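Presented below is the structure to which this report refers.
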Amino acid sequence: MDKVVIFDTTLRDGEQAAGASLNINEKLEIARQLEKLGVDVIEAGFPASSPGDFEAVQLVSREIRNPVICGLARAIANDIDKAAEALKDARHPRIHVFVSSSDIHIMHQLKKSKEEVLEMARNMVKRARGYVEDIEFSPMDASRSDPQYIYQMLEAVIDVGATTLNIPDTVGYSIPDEFGRLIAGIFKNVPNINKAKISVHCHNDLGLAVANSLAAIQNGARQVECTINGVGERAGNAALEEIVMILKTRSDLFNVTTNINTEQIYNTSRMVSELMGFPVQPNKAVVGGNAFRHQSGIHQDGVMKLSSTYEIMDPKTIGLPGSCLVMGKSSGRHAFKERLSELGYNPADTDIDRLFSSFKELADKKKEVTDRDIESLVAEDKRITIIAEAYKLDRIQVTCGDKGVPTAAVRLIKEDGTVIADAALGTGPVDAVYKSINRLVNVPNKLTEFTVKSITEGIDAIGEVLIRIESNGVTYTGRGADTDIIVACAKAYLNALNKLVSAN
Ligand code: KIV
Ligand code: ZN
């Protein structure tokens with residue numbers, strides 16, 4: 001069977017999603033998980049776009065050894081030089097050069113002639129090839145471009161050393177049959193095409209990113225660009241987990257394989273959702289909360305008799321734990337560690353100590369601790385270890401009610417151990433808490449999003465708060481979880497503020 005190369009662009013196109021913001025440690029954490037997942041290529045960022053992106057590509061290049069690490073660059077000399085510099089320490093570096101190929105982009109955005117753009121593509125691929133051997137080239141907005149012009153451009157860049165030719169449906173305009181024909185046309189009309197691999201990069205504006213990618217595979221494409229949970233610019237990119245599971249489940253039709261370790265899909269999806277602050281919709285294919293839940297009595301009856309009556313994939317293949325074990329106060333350290341490992345987490349012993357003490361604290365408040373609670377504990381623990389905590393919540397006390405004036409008193413511990421405390425009045429308890437924290441931290445910002453949800457059912461459930469704050473045009477996402485919703489609000493706000501403080 002032929003292999004389809006999985007090119008993950010969660011850290012580049014995924015991070016372009018409005019409201020997504022990852023700091024450098026979070027990017028590295030995701031890159032490590034992508035390596036575990038077995039992706040072939042990680043597009044770690046766009047080095048010339050910002051110092052933060054440059055540093056992230058540099059760090060991922062140094063730390064991640066197995067996949068190819070790719071940096072994006074416009075067909076501009078400075079972009080190529082920056083990408084090469086950021087990728088200097090990568091074991092397998094790739095520079096991804098792109099330039100628009102559609103008349104609409106060339107005339108109205110680049111304001112150049114088609115000949116000039118062709119020359120830019122040729123010269124910049126040549127320049128990139130002077131730095132590394134692995135060069136990807138993308139004619140942006142390919143699906144709305146004149147195919148003859150694309151053929152000409154692809155032939156020219158292969159001649160100067162491009163090794164992967166990526167065909168983007170940049171604005172998600174194509175439909176599968178049409179996109180498949182575009183790929184077939186490239187194979188037929190580009191004379192030196194056998195020297196390169198064809199890749200595709202589809203956006204989801206009309207909900208067809210995955211379908212278009214599959215049509216391309218059926219027509220010979222052997223690299224797919226995709227993101228975890230389909231995150232990305234506007235309506236997002238093709239979802240990695242969907243493409244991989246379709247190729248696996250319907251291998252009878254596609255006859256291709258991937259290197260993906262599918263059992264890491266569920267954990268990767270949760271990590272990206274958590275760190276980007278984008279919840280996964282319950283009915284999302286493959287990784288949604290309802291994807292393997294059967295509600296109708298007839299379906300439940302069938303699944304109990306033989307799971308394949310209504311299940312086309314075994315949930316274990318994507319790493320979903322088979323049973324939902326409930327733990328409690330009497331569960332010991334060993335059982336807790338076992339459950340963590342069954343859920344796909346293998347923390348170091350020192351981390352287990354911390355996690356186990358949080359588990360015990362939770363089990364004291366909550367009769368039954370479920371897998372979702374444990375996942376939330378792990379996420380909460382990651383939040384406090386992944387970023388330097390300039391401010392840590394020490395104590396919080398709130399008074400509120402329909403007749404009283406909502407009041408909050410908050411005590412924080414600074415990184416150097418200094419204890420600071422203040423109090424404030426607010427329109428409600430959360431407002432009072434945020435005002436108290438503002439008096440202590442004193443970093444101007446605007447709260448742009450605030451969501452509270454319960455992780456499990458039951459009155460004693462853990463509440464999870466997701467917030468976004470904005471400062472100087474940059475968004476910072478914060479999350480916090482606790483059985484006390486006001487404490488969760490304070491944790492989420494401090495999580496976002498700590499990111500803001502460490503970025504400045
Ligand atoms: O959507 C697009 O065209 C892109 C390119 C940079 C490949 O993201
Ligand atoms: Zn894109």
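Quick notes on this one:
- Checking each residue in region 1-58 for being out of contact with any helix residue (DSSP H, G or I) (no Cβ under 6 Å at 6 or more places or on another chain) and small (Gly, Ala, Ser) picks out GLY14, ALA17, ALA18, GLY19, SER21, GLY38, SER49, SER50, GLY52.
- Listing of strands (runs of 3 or more DSSP E) fully contained in region 425-504 that carry 3 or more residues being among the hydroxyl-bearing types (Ser, Thr, Tyr) and under 23 Å from the mean Cα position of the chain (by Cα): 446-454, 474-482
- Residue that is farthest from GLN16 (Cα to Cα), among those in region 234-262 that are surrounded by fewer than 22 Cβ atoms within 10 Å (Cβ to Cβ) and in contact with a His (Cβ under 9 Å, 6 or more places away or on another chain): ALA235
- Filtered by the rule that a residue be of a type in the set (Asp, Glu), within 22 Å of ASP81 (Cβ to Cβ) and out of contact with any strand residue (DSSP E or B) (no Cβ under 7 Å at 6 or more places or on another chain), region 130-158 gives a lone residue, GLU133.
- Filtered residues of region 83-102 (kept if within 24 Å of the chain's Cα centre (by Cα) and buried (at least 21 other Cβ atoms within 10 Å of the Cβ)): ALA83, ALA86, LEU87, ALA90, PRO93, ARG94, ILE95, HIS96, VAL97, PHE98
- Residue match in region 177-189 (condition: away from ligand 1 (no atom under 11 Å from the Cβ), in a loop (DSSP other than H, G, I, E, B), in contact with a helix residue (DSSP H, G or I) (Cβ under 6 Å, 6 or more places away or on another chain) and among the β-branched types (Val, Ile, Thr)): no
- Odd one out for ILE217, checked against (1) under 30 Å from GLU155 (Cβ atoms); (2) of a type in the set (A, V, I, L, M); (3) within 16 Å of ligand 1 (Cβ to nearest atom): (3)
- So GLU225, is it within 12 Å of ligand 2 (Cβ to nearest atom), in a strand (DSSP E or B), assigned by TED's automatic domain parsing to the domain that holds CYS70 and under 26 Å from THR268 (Cβ atoms): yes
- Among (1) surrounded by fewer than 19 Cβ atoms within 10 Å (Cβ to Cβ); (2) modelled with pLDDT under 85; (3) within 18 Å of ARG32 (Cβ to Cβ) - the single one ARG383 does not satisfy: (1)
- Against the list (1) within 16 Å of ligand 1 (Cβ to nearest atom); (2) surrounded by fewer than 23 Cβ atoms within 10 Å (Cβ to Cβ), the condition LYS3 fails is (1).
- Selection from region 267-287 of residues that are out of contact with any helix residue (DSSP H, G or I) (no Cβ under 9 Å at 6 or more places or on another chain) and farther than 25 Å from ALA496 by Cβ: PRO282, ASN283
- Pairs, first not assigned by TED's automatic domain parsing to the domain that holds GLU449 in region 7-22, second more than 13 Å from ligand 2 (Cβ to nearest atom) and among the basic types (Lys, Arg), C-beta under 7 Å, six or more apart: LEU11/LYS27; GLY19/ARG468
- When we screen ILE150, ILE135 for residues that are within 14 Å of VAL190 (Cα to Cα), among the hydrophobic types (A, V, I, L, M, F, W, C) and either within 14 Å of ligand 1 (Cβ to nearest atom) or touching a Ser or Thr at 6+ places or on another chain (Cβ under 7 Å) (or both), the only hit is ILE150.
- Selection within region 187-211 - more than 23 Å from LEU247 (Cα to Cα) and not polar (S, T, N, Q): LYS188, VAL190, PRO191, ILE193, LYS195
- Region 187-207: number of residues that are surrounded by fewer than 23 Cβ atoms within 10 Å (Cβ to Cβ) and of a type in the set (Gly, Ala, Ser): 2
- Residue satisfying condition, being surrounded by fewer than 23 Cβ atoms within 10 Å (Cβ to Cβ), hydrophobic (A, V, I, L, M, F, W, C) and modelled with pLDDT of 95 or more, within set MET120, MET124: MET120
- Only one entry in VAL378, VAL326, VAL398, VAL405 is exposed (fewer than 12 other Cβ atoms within 10 Å of the Cβ) and hydrophobic (A, V, I, L, M, F, W, C), namely VAL405.
- Within region 190-220, the residues that satisfy the criterion of being of a type in the set (Gly, Ala, Ser), away from ligand 2 (no atom under 13 Å from the Cβ) and not in a loop (DSSP other than H, G, I, E, B) are ALA211, ALA215, ALA216.
- Close pairs from region 68-91: first over 10 Å from VAL57 (Cβ atoms) and assigned by TED's automatic domain parsing to the domain that holds VAL57, partner within 16 Å of ligand 2 (Cβ to nearest atom) and in a loop (DSSP other than H, G, I, E, B), Cβ under 9 Å, at least 6 apart: ALA73/PHE46; ARG74/PHE46; ASP79/PHE46
The values are calculated or read from the model by the stated rules, or taken from the named source; none is laboratory data. From a predicted model like this one, the values you see are computed outputs, not experimental measurements. For neighbour counting, all protein chains shown are included, and Cβ atoms are generated from backbone atoms with ideal geometry for every residue, glycine included.
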